[in-house]
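Read through the structure below, which is laid out as structure tokens, and then see the notes.
Each reported figure results from applying straightforward, stated rules to the coordinates on display, with no laboratory input. These numbers were taken from a predicted model, which means no experiment stands behind them. A quick note on method: Cβ atoms are made from the backbone with ideal geometry, for glycine too, and the neighbour counts reach across all protein chains shown.
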Amino acid sequence: MEIYETEEQQVEAIKRWWKENNQMIFIGATLGISIIFGWNFWQDHKKDQALQASALYTELTKKMDIGQNDSSEKLAERLEKDFSGTDYAVYASLMDAKGKIQHNDIAGAKQLLEKVATVSNNELSNLAKIRLVRLMLANKEYEQGLKLINEVDPASTKSFAGHYDELVGDLYVALDRVDQARTSYQNALRNGLQSALLQMKIDDLTAPEKVESSQ
């Protein structure tokens, strides 16, 4: 550290330092202000996008409720195209897939569900996979359904484990693999899935065993 003998020397040193560094200080200050304004602009843009997407999604659900399928499909496509970075676009894809199934456009529904199955939102991704497997089940694509479930990462499906187990059971029933179906349904129960329908499925598979044991 320099030691100055007089106040004039200190002033001169400050002047020299300012002359040497004022440009960098100006650039740094400008950059800092730009970052702040840029960040605020981006946050405002995201909020605006979310509000617009929310309004469109609300309109979409209303159109779906009153059966205006053509209008709802156009709204879904607009959400998917213009607001792809929002969860509303994903919800719209799920609703669009449902509409396509109702109109027997199985290929179109599959395409949408496969797309949603890859999103980063874990809940929506699993929901799409479950609906996709149900579609495969209805379309008698049993082995493909089992393959899809086997490829699912267990770490990302903890809260959906019971639903997947029930679907595996349904697929095994369709393949006439009764013992494996029963085990899958029981796994669904152990994983917290409680429903009267699931219990009925288990009872249907265990009924013959009860008859045999009573004879």
Practice task
Return the distance in nm (one decimal) between the two label points of a simple spin-label model at residue 195 and residue 103, each offset 7 Å from Cα along Cα→Cβ.
Solution key: 2.7 nm
Fill in the blank from the handout: So residue 114 and residue 78, fully extended at 0.36 nm per residue minus their Cα-Cα distance, gain in nm 11.1 nm
Completion exercise
The simple spin-label model distance between residue 186 and residue 51, using points 7 Å out along Cα→Cβ, in nm, is 5.7 nm
Problem - Assigned charges on the beta-carbon of Lys, Arg, Asp, Glu; the stretch 142-210 dipole about Cα centre (debye) - result: 180 debye
Fill in the blank from the handout: Applying the gyration tensor rule to the Cα atoms of the stretch 71-215 (axes a ≥ b ≥ c; rounded if a/c under 1.5, else prolate if a/b exceeds b/c, else oblate), the class is prolate
Handout entry: Gained length - residue 140 relative to residue 61, 0.36 nm times residue gap less alpha-carbon distance
Key = 25.4 nm
Exercise for the section: Report the full-extension gain for the segment residue 19 to residue 178: residue separation times 0.36 nm, less the Cα-Cα distance, to one decimal in nm. Expected result: 48.7 nm
